[in-house]
Amino acid sequence: MKVRSHAKINWALRITGRRADGFHDLETLFQAISLHDDLTFEPAARLSLTCDDPLIPVDDTNLVIRAARALGSPPVAIDLRKRIPSGGGLGGGSSNAAATLMALDAMFELKTSRVRMHEIALQLGSDVPFFLDGGTAYATGRGEALTPLAAPSSEIALLLLIPEERVSTREAFARITRYSKPAGIAAFRTALTTDFLAHADLLVNDFEEPIFAMLPRLGELKRRLLEAGAAWAGMSGSGSTIAGAFRDARSRDEAERAFDDVFGVRRVAAAF
Ligand code: C5P
C-alpha cells in the first residue's frame, strides 16, 4: 500500500495560555498543502522502517514506528520518501504518523474507531490528530480540538521558503512570555468566505516575535516576500518555514525569482 503524507501550514497561531500538564493552549487555523512525503507499507516478518533521508532516525524514536506500534498493527516493512523537512514547522513527522495510522488501519482492516484513532494520534503528538482528516481546520486545546472548515474561497498560490536553520518546537514554546486572546472561530469563518488574504490582523503567528528575535534572517524573509508581492506572509508553526501567499501562480512564480540571490533557503511552490 502506498500513501501520500501531506504537509501543513498554519494560517494563524495564537498561544492562549500555559497548562498544568506543561503543554500550551493555542488557537490555530491549519491548512494541509500539496507538498507531501510518500509512504509504502508491505506485510513483513517484523516491523521496520527505511528512509531516503539519512538524517532521519529509523529506530523506535521515529513517529512512524511509534504509530504502527501504538495501533497494534501486524508487522510491516515501511519505506518513507521525504520531501517535507523536519524542524521546518510543516508538520512532517506528525503527518507521517497520521498517514501510518490511517494506512495500517485500512490495510489490515482493523476498523479502529474514530475516537480511538484520535486518542492514539494525540498521544503521538499535538498536531497528529489534524492530519487524520487534513483540509482546512480550526483548532484549540493543544491543537486537537478540531473543527473542519471550508478552504479559503479565493484563489491562492503558495511559496514556501524553507531555511536551513531549524527550530525545536519545545524551545519555541519555552520562548513564549505573553499570551494572546483567541480570535474565535467566527472570525476565521468570515475570513475564509471573503477575501481571505486581506485579513492580515487575523492571520498572525505568536511564534514570530521570539523566533525572529533569535533568527533575524527569518523576519527578513517574511519582509522580502511582502516586498516581492505576497498578499500575505507568515511563519508556519514554530518555524522555520516562512510561507508567502499570492493571488495567482504567475505572481508567485515571478516573486520566486526575487530569492535567486538567497542561499541556504529551499523554495517550494505549493497549493492546497
Ligand atoms: O506534542 P508535540 O510532541 O508536538 O510537542 C512537542 C513539545 O512542544 C512539547 O513537549 C511541549 O514542550 C511543546 N508543546 C506545548 N504546547 C503544545 C504543543 C507542544 O507546549 N500545544
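Details
- Criterion applied to ALA191, ALA233, ALA200, ALA243 was being more than 21 Å from GLU165 (Cβ to Cβ), under 21 Å from the mean Cα position of the chain (by Cα), at pLDDT 95 or above and among the small types (Gly, Ala, Ser), and the one residue passing it is ALA191.
- Counting only residues that are more than 15 Å from the ligand (Cβ to nearest atom) and under 27 Å from GLU164 (Cβ atoms), segment 30-47 holds 9 of them.
- The residues on offer are THR50, THR16, and the sole one that is within 13 Å of the ligand (Cβ to nearest atom) and modelled with pLDDT of 95 or more is THR16.
- THR193 vs. criteria within 16 Å of the ligand (Cβ to nearest atom), among the polar types (S, T, N, Q) and more than 22 Å from ALA249 (Cβ to Cβ): no
- Check on ALA97, free of Cβ contacts under 8 Å to residues at least 40 places away in the same chain, of a type in the set (A, V, I, L, M) and within 16 Å of the ligand (Cβ to nearest atom): yes
- Search result, residues across segment 20-29 that are within 13 Å of the ligand (Cβ to nearest atom), within 22 Å of GLY239 (Cα to Cα) and either hydrophobic (A, V, I, L, M, F, W, C) or at pLDDT 95 or above (or both): PHE23, HIS24, ASP25, LEU26, GLU27, THR28
- For segment 100-141, the set of residues classified as more than 13 Å from the ligand (Cβ to nearest atom), part of a helix (DSSP H, G or I) and touching a strand residue (DSSP E or B) at 6+ places or on another chain (Cβ under 8 Å) consists of THR100, MET102, ALA103, LEU104, MET107, ASP133, listed by residue number.
- First in segment 257-272 and over 16 Å from GLY88 (Cβ atoms), second anywhere and surrounded by 10 or more Cβ atoms within 10 Å (Cβ to Cβ) and hydroxyl-bearing (Ser, Thr, Tyr), Cβ under 6 Å, 6 or more apart: ALA271/SER34
- Selection count where residues are modelled with pLDDT under 95 and either surrounded by fewer than 16 Cβ atoms within 10 Å (Cβ to Cβ) or acidic (Asp, Glu) (or both), scope segment 55-85: 1
- Unmet requirement for VAL3, which otherwise passes all of (1) part of a loop (DSSP other than H, G, I, E, B); (2) at pLDDT 95 or above: (1)
- Here GLU220 meets the list (1) away from the ligand (no atom under 16 Å from the Cβ); (2) within 26 Å of GLY125 (Cα to Cα) almost entirely, failing just condition (2).
- Qualifying residues in segment 215-243 (those that are free of Cβ contacts under 8 Å to residues at least 40 places away in the same chain and over 19 Å from ALA157 (Cα atoms)) - the one surrounded by the fewest Cβ atoms within 10 Å (Cβ to Cβ): PRO216
- Pair list, Cβ under 8 Å, 6 or more apart: segment 136-164 residue on the phi > 0 side of the Ramachandran plot and of a type in the set (A, V, I, L, M), other residue at pLDDT 95 or above and crowded, with 17+ Cβ neighbours inside 10 Å: none
- Those residues of segment 142-162 which are within 16 Å of the ligand (Cβ to nearest atom) and not in a strand (DSSP E or B), in sequence order: ARG142, GLY143, GLU144
- For segment 113-137, a tally of residues being surrounded by 19 or more Cβ atoms within 10 Å (Cβ to Cβ) and over 13 Å from the mean Cα position of the chain (by Cα) returns 4.
- Residues satisfying the stated conditions in segment 252-272, i.e. modelled with pLDDT of 95 or more, aromatic (Phe, Trp, Tyr) and over 14 Å from PRO163 (Cα atoms): none
- Screening GLU27 on (1) in a helix (DSSP H, G or I); (2) closer than 27 Å to THR241 by Cα; (3) in contact with a strand residue (DSSP E or B) (Cβ under 6 Å, 6 or more places away or on another chain) shows it passes everything except condition (1).
The values are calculated or read from the model by the stated rules, or taken from the named source; none is laboratory data. Nothing here was measured: the structure is a model prediction, and the numbers come from that model. Please note: Cβ atoms are built from the backbone with ideal geometry, for glycine as well, and neighbour counts cover all protein chains shown.
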